[in-house]
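Asks: Take this structure first; my questions come after.
The values are calculated or read from the model by the stated rules, or taken from the named source; none is laboratory data. Values in this document were obtained by computation on a predicted structure and should not be read as measured data. Cβ coordinates were reconstructed from backbone atoms using ideal geometry, including for glycine residues, and neighbour counts include every protein chain displayed.
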């Protein structure tokens, strides 16, 4: 294999063009095999192999600095920068994270996994270089889908006036995760169709010099273009057109589905999947029903429809009652708020990890104006995800904004009741934390009036210890109660809070009469979370409170078992803590 000779980027410089083309094929084979085994980003990495080879051939990393946007296309970069064992050796497949990571070596500047960041980060690197009077190339690498993000546009605007070496490589494969949305993409299409010669040029309008590469999977053409801009003394955009999923026919033909894949997706003779009802499916069935009944209902997302199961068929059925805001959560939030304020009924779906990208809009554009939208927060909870995609922070982020109502259903019936109430009410911005567990159905209609805020539900009467199991962790509360009963001979009270954003003061005061300990369980960050709110309520009383949830830290691909042990989120560990508190009371 040619790759056997490549241990660092400098080894590329000894290769012929034919050898580099052969190397591209070898890298593709490794990525296909590895990602099909482990799961991960597929199409983005396959599309950028040649460009990565050409970049490392022309530029001199790590002296020259590469900043990858999102960094879900960094696998070829990792293979060429001393980490190939993570792709050649199945036993090392999980050694390296799926994103750039400075702790892995000097070739990665930033740990990133959210989109639209590279141009802003790279402009800061370039400015620091200039202040220190150093000399090296700074290259921001960004995909066309990421260009719709506000930070990307802000970075491009600022980077254009640096007045020094600043190279932006725009990887245009005419695709975000799903199809691109927004007026910017008409101009990219025009530039592709005219070979970059159109007078109307977004990048030139900002002040950038501009180069176009029609075949961004042609190593020779890429090397020629990169040599033209190497050591340039002013900001420049190199616009390259690539094929997402290149080298894997099914990924080329199904670019959306193969942006990210599960392990074994490419394996033949897979058993036919049996449909199982899920929180995604019941949500989507509800939305399709509502748009038929009410022309003012509209579903909104920010370029991640796959998270919610919003496939092309679903989107086509919604027609004009659907908006993909592009990679722009800030805009999606403000847009949805204005829709609600103007009499429409927006349902805005967002992944927990991306809520933090729009905090100001949640506060100012939405909550301050009390716009009655429905915000569905998906994937919220402690997980074994990369540090870049943790979903543990949404509760403190949303809960502490005035006027927001944040709900945590524990079963299908509660969820559907909350969803219908939220869509039809006109008083509050309502967020619902879509359960991140297997669907639970009681078969009993929920008749709760959710307009009466902050009323918790006692589901099991008991004594001495009360356990509040919020949302995903209601099931854990039941198991912990059973463990306590078996071990100590009394039945704790179990409570389903339902409301994340407020305290049921009547119920919490009532517990003081025959309870000594209150336990809170939440599938998320403790600091600023639901449990701390309960602890604050009892701060002037004799009630003992133990809060369970995640610590304030960035975990990185830690298993749930490890995390649950660390956070003591297991029935037997909770019972141990109860024993310690009760025994302390006795003594």
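Asks: Would you mind stating whether residue 332 is part of a helix (DSSP H, G or I) and either within 21 Å of the chain's Cα centre (by Cα) or touching a residue at least 40 places away in the same chain (Cβ under 8 Å) (or both)? Before you say what the answer is, go through the steps one by one.
Replies: Numbers: part of a helix (DSSP H, G or I): yes; either within 21 Å of the chain's Cα centre (by Cα) or touching a residue at least 40 places away in the same chain (Cβ under 8 Å) (or both): yes.
Yes, satisfied.
Asks: Scan region 286-312 residue by residue and report those that are part of a helix (DSSP H, G or I) and either at pLDDT below 95 or surrounded by 22 or more Cβ atoms within 10 Å (Cβ to Cβ) (or both).
Replies: Correct list: 287, 305, 306, 307, 308, 312.
Asks: Follow-up question, since we're still on this one. Criterion first (within 21 Å of residue 173 (Cβ to Cβ) and either in contact with a strand residue (DSSP E or B) (Cβ under 9 Å, 6 or more places away or on another chain) or not assigned by TED's automatic domain parsing to the domain that holds residue 224 (or both)) does residue 114 satisfy it?
Replies: Numbers: within 21 Å of residue 173 (Cβ to Cβ): yes; either in contact with a strand residue (DSSP E or B) (Cβ under 9 Å, 6 or more places away or on another chain) or not assigned by TED's automatic domain parsing to the domain that holds residue 224 (or both): no.
Considered against the rule, which asks whether it is within 21 Å of residue 173 (Cβ to Cβ) and either in contact with a strand residue (DSSP E or B) (Cβ under 9 Å, 6 or more places away or on another chain) or not assigned by TED's automatic domain parsing to the domain that holds residue 224 (or both), residue 114 comes out as no.
Asks: So is residue 279 touching a residue at least 60 places away in the same chain (Cβ under 8 Å) and closer than 22 Å to residue 429 by Cα or not?
Replies: yes
Asks: Report the residue count in region 109-134 for those that are outside any helix (DSSP H, G or I) and in contact (Cβ under 8 Å) with a residue 12 or more places away in the chain.
Replies: Result for region 109-134: 9.
Asks: With region 162-252 as the region, which helices (runs of 4 or more DSSP H) entirely inside it contain at least 1 residues that are out of contact with any strand residue (DSSP E or B) (no Cβ under 9 Å at 6 or more places or on another chain) and without any contact (Cβ under 8 Å) to a residue 12 or more places away in the chain?
Replies: The helices (runs of 4 or more DSSP H) meeting that bar are 184-193, 202-206.
Asks: Check off (1) more than 25 Å from the chain's Cα centre (by Cα); (2) within 24 Å of residue 35 (Cβ to Cβ) for residue 223 and give me the number that stays unchecked.
Replies: All conditions are met except number (2).
Asks: Follow-up. Within the bounds of region 272-285, is there any residue that is in a loop (DSSP other than H, G, I, E, B), modelled with pLDDT under 95 and within 20 Å of the chain's Cα centre (by Cα)?
Replies: no
Asks: Could you tell me how many of the residues in region 559-583 are assigned to a loop (DSSP other than H, G, I, E, B) and over 17 Å from residue 485 (Cα atoms)? Walk me through how you get there before you give the answer.
Replies: Quick first cut of region 559-583, residues assigned to a loop (DSSP other than H, G, I, E, B) only: 559, 567-570.
If we keep only those that are over 17 Å from residue 485 (Cα atoms) too, we end up with 559, 567-569.
Matching residues across region 559-583 total 4.
Asks: Where residues in region 358-371 are crowded, with 22+ Cβ neighbours inside 10 Å and touching a residue at least 40 places away in the same chain (Cβ under 8 Å), which of them is nearest to residue 473 (Cα to Cα)?
Replies: So in region 358-371, the residues crowded, with 22+ Cβ neighbours inside 10 Å come out as 358, 362, 366, 371.
Next, from what is left, pick out any that are touching a residue at least 40 places away in the same chain (Cβ under 8 Å): 362, 366, 371.
Details: 362: 26, 366: 28, 371: 30 Å.
Among those residues, the one meeting the criterion is 362.
Asks: Take the residues in region 113-143 that are surrounded by fewer than 23 Cβ atoms within 10 Å (Cβ to Cβ) and at pLDDT below 95; name whichever of them is nearest to residue 187 (Cα to Cα).
Replies: Residue satisfying both the conditions and the ranking: 114.
Asks: Just checking, how many residues over region 499-533 are in a loop (DSSP other than H, G, I, E, B), surrounded by fewer than 23 Cβ atoms within 10 Å (Cβ to Cβ) and touching a residue at least 40 places away in the same chain (Cβ under 8 Å)? Talk me through it step by step, then tell me what you get.
Replies: First pass over region 499-533, keeping only residues in a loop (DSSP other than H, G, I, E, B): 500-504, 514, 526-529.
This time we only want the ones that are surrounded by fewer than 23 Cβ atoms within 10 Å (Cβ to Cβ), so: 502-504, 514, 526-528.
Subset that is touching a residue at least 40 places away in the same chain (Cβ under 8 Å): 502-504, 514, 527-528.
Final tally of qualifying residues: 6.
Asks: Determine whether region 383-392 contains at least one residue that is outside the structural domain of residue 565 (by TED's automatic domain parsing) and without any contact (Cβ under 8 Å) to a residue 40 or more places away in the chain.
Replies: no
Asks: Now for a different question. Within the bounds of region 173-183, is there any residue that is on the phi > 0 side of the Ramachandran plot and modelled with pLDDT of 95 or more? Outline the logic, then answer.
Replies: Start the filter on region 173-183 by keeping residues that are on the phi > 0 side of the Ramachandran plot, which leaves 174, 182.
Now restrict to residues that are modelled with pLDDT of 95 or more: none.
No, that holds for no residue.
Asks: Where in region 17-107 are there helices (runs of 4 or more DSSP H), lying fully within it, with 2 or more residues that are surrounded by fewer than 19 Cβ atoms within 10 Å (Cβ to Cβ)? Please lay out each step first, then the result.
Replies: Working: elements: 17-38, 43-47, 49-58, 75-80, 85-88.
Hits in region 17-107: 17-38, 85-88.
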